[in-house]
Every structure is written in structure tokens, then in C-alpha cells.
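Taken together, the values in this text are just the output of simple stated rules run on the coordinates, not laboratory data. Just so we're clear, the structure is a prediction, and the values are computed from it rather than from any experiment. Positions of Cβ are backbone-derived with ideal geometry, glycine not excepted, and every protein chain shown enters the neighbour counts.
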Amino acid sequence: MIGSEDRLAAYGAEFSGPRGYLDFARYGPPSEAVLAATAEVMDQAAHGEPTELLEEWTTAALAAVSRLSGFGVEQHAFVPNTSSGIFGLASGLPGAVVLVSPGEFPANLHPWWRAAEAGLIEVVTLTDPRHPRPVTPELVASRLAAADHPVTAVVVSAVDYRTGFRADLPGTREAIGDRLLLVDAIQAFGVVAQDWTVADAVVSGGQKWLRSGWGTGFLACSPRLLEQARPLFSGWTGVDRPGSMAGTPQPHRADAGRFTVSRESPFAAAALAAGVELVERTGAGAIATRIEQLIDGLLSDLQAAGLEVVSPVDPGDRAGIVVVRAADAPVRHHRALAAGLRTTLHAPDRIRISVHADTEASVLGELVDRIG
């Protein structure tokens, strides 16, 4: 049996990106496995293989995601990005009253706002937009108790893009009762080992921590959500008989495929399948543990250098993101960049560092030297 260290070494060998890359929360460079899979399906297409063969890549991708998410294969739909999945949800829950934090990434805000403008749903804001706070079960419970209208769905990011705060999904589920729990998992899926099935919807693009490239993603739905969902953006592939030429309206599919608009790209599906299967071979738990160890060391070095860390330090409250605050953050950020250490400059006073399982500990030491 191959041990976790060997599996992690094999994982790291899949990547040829710059060793100083610390920007996975923005975009994760794809693996050799992803490159090979997309080349294979491109070759199949170039040789005129039947579309039925090409569509098998979507089946493979959703099966791989299912093994990580815990949802059934039929409870998944392929989506090209997180935004598309959230738009599907926002337009597919007519009459819903949705609680959402203004501190969410815009991809998890605009779909809800647009659906509200169209009169499809109502949006209840969790906190004052000027002072966003971590989305905790206690904060959610307090806002639910104070809401003027009965909230029917709660939106949360599994990991906050700006602060790195990891949401307590089981605790949030307990706090909201039988309301729908809708989770943006793009900053967590594949690097956080947890029970995703406490949520009613999990949506994620594959271009960040899954390292599958742009155009990849999935939406997972609970049976309860599927019973309620009536997607407005549901195309010819989202109906009972996708190949029907009868010229009459068709009912939605019973499974999560009702959220699809058209045939999925086999190139993107192959990339997602390869990226998720690589995580599966390595082990999401092993990846999460390695990231935790690396960040433990990084936090210790940052503290020793006198740098202010404004992201969570407790392992249970974080994933792969560390945020440093400094008045001259742009100067420090560009100093690191000049040394080949790529991070994200967030606002004038914050540097976001994102660490993956193949990050070298020595790189993190070099970063602290440059920004310290």
C-alpha cells in the first residue's frame, strides 16, 4: 500500500509551474494529467470520434466528483464555472428568501441580486456591507431571528476568498434547520476534507484548488433541493427527452442535469475528470494535512518576523489561505514578485498567500524574508 508521503510526492511531480507560485486562491496551474487528458480528447475529436464517446468524459468527471463530494452521480451537473452554477440556483428557486453575506466574492452575489431584480427571489443581507464579518453559525442564527421575512435559503462560502475563514458547515446546518444550505466551495473543494452532504447545493469551479483549468466545474444538489428547483436556465439537455424533436415543451429532468443548458465541452470535462482523479489518488485528507503543516510553519515564521496575520490561525478555521496586513503591502508584494514569489495584493494593505500540497516549505521561508 502506498503511503501518504509517496502519494504526495507523486502529486507534486505532476506539476511544472514555478516553485514560487503562491496564488492558488486565484488560479491553480493544471497538472500533467490534465494536459494529457485534454490532449487525448482533442485528438479523439480531431479524428471524428462519435459524440457518444466524447460525452463519456462528462460521465467520468461527474463520477469522480461524486466520490469526493459524497453526493450521488445523478445529483451532479457539469457547469463551466461557479457563476453559472450559482445563476442556475438563483433563477431556479422561485419565491425563495435568501440570506447572503455582502462579503461574499462577487460571483456569489450578482446572481442573487439579478434574480431579486427580476422578481424571482428576495435577498436578505447578513451584515452591514461596510463591515462584513465571518459567516458563523451564531451570526446566521442571530440574523435569522431578526429577519422581517422568513428566510428559506442560506448562502455561504466554504472558505472565504478574502480572509481565508473556513465556514462551519455542520454548525451552520444545525443553526438553519430545514432551510436550504447553498455552498460556494471553490476555495475549499479538494483541499478541505469534510462532509459536503450537509449542504443542499455545492458549487465549484475547477480552475483553482482542483487545478483543472478554466471552463470546468460542477453543481451538486440534495434530493430536497431537486424537489424544489425549477431552473429558468435549463436548455434542451435539461429535459426528460433531450433528443426530442417534437416541438413541444418538455418537463425538467428528475436529476441535477436539469441545470444544464447545452451539451458539455468534452475537453473541459476531461480536464475536470483528470484534476479530480488526481486529488482522489492522492487523498483529499492527505492534501489537507500537508497544507495545514505548511501553514503552521508559515504562521510561525510570519509571527517571528513581526508581521500581522489577519486570517484565522486555528487549523479548524482555515484551509489554504493566509492573509498578512501591512501599511506598505504593495511595496512588500512587489518585492516578493521580483523574487519570483507570486501572491495576491488584496486592497492597499493586505497580501493574500495561498499554499498547496506541492508548495515547498523553503519557498515560504523565502517569502517571509521578502515581505518581512
_Ascending count of other beta-carbon atoms within 10 Å, so fewest first, for His346, His334, His356_ = His334, His346, His356
*By count of other Cβ within 10 Å, fewest leading, how are Ser4, Ser300, Ser234 ordered?*
Ser300, Ser4, Ser234
*Apply the Debye scattering formula to the stretch 84-134, with a single equal point scatterer on each alpha-carbon and no solvent, then give log10 I(q)/I(0) at q = 0.19 Å⁻¹.*
-0.57
*Pop a pseudo-label 7 angstrom from the Cα along the beta-carbon direction at both Arg230 and Arg26 and give the gap in nm to one decimal.*
4.3
*Among Gly316, Gly247, Gly283, determine the one that fluctuates most according to a GNM of the chain built with springs between C-alpha atoms less than 10 Å apart.*
Gly247
*For Gly217, list long-range residues whose amide hydrogen, built 1.01 Å from N in the peptide plane, is under 5 Å from its own amide hydrogen.*
Val79, Gly206
*Which shape class, rounded, prolate or oblate, goes with the stretch 197-270 when its Cα gyration tensor gives a ≥ b ≥ c as root eigenvalues, a/c under 1.5 marks rounded, and past that a/b bigger than b/c marks prolate?*
oblate
*According to a simple spin-label model (label point 7 Å from Cα along Cα-to-Cβ), what is the distance in nm between Arg19 and Asp296?*
2.4
*Could you calculate the contour length gain from Asp369 to Ala36, that is, 0.36 nm times the residue separation minus the distance between their Cα atoms, to one decimal place in nm?*
116.2 nm
_Please report the antiparallel percentage of the DSSP beta bridges confined to the chain, to the nearest 5._
55
_Top positive-direction residue, dipole computed over the stretch 219-372 with Cβ charges, set Ala268, Pro330, Leu232_ = Leu232
*Go ahead and set up a Gaussian network model of the chain, Cα springs under 10 Å, then flag whichever of Gly206, Gly275, Gly95 fluctuates most.*
Gly95
*Just report the Cα centroid separation between the stretch 207-237 and the stretch 5-27, whole Å.*
27
*So what are the three principal axis dimensions of the chain from its Cα atoms, in whole Å, longest to shortest?*
68, 59, 38
*Cβ-derived FRET efficiency at R0 22 Å, Glu360 paired with Val331, nearest 0.05*: 0.35
_Alpha-carbon centroids, the stretch 96-117 and the stretch 145-179: separation in whole Å_ = 13
*May I ask you to list the residues of the stretch 252-270 whose amide nitrogen lies under 13 Å from a point 7 Å from Cα along the Cα→beta-carbon direction of Asp240?*
252-255
*Can you tell me the FRET efficiency between Leu139 and Arg263 if r is taken as the Cβ-Cβ distance and R0 is 41 Å, rounded to the nearest 0.05?*
0.50
*For Glu14, Glu227, Glu280, Glu264, what ranking results if the residue with the fewest other Cβ atoms within 10 Å of its Cβ goes first?*
Glu227, Glu280, Glu14, Glu264
*Anisotropy class of the stretch 99-231 from Cα gyration tensor, a/c 1.5 cut*: rounded
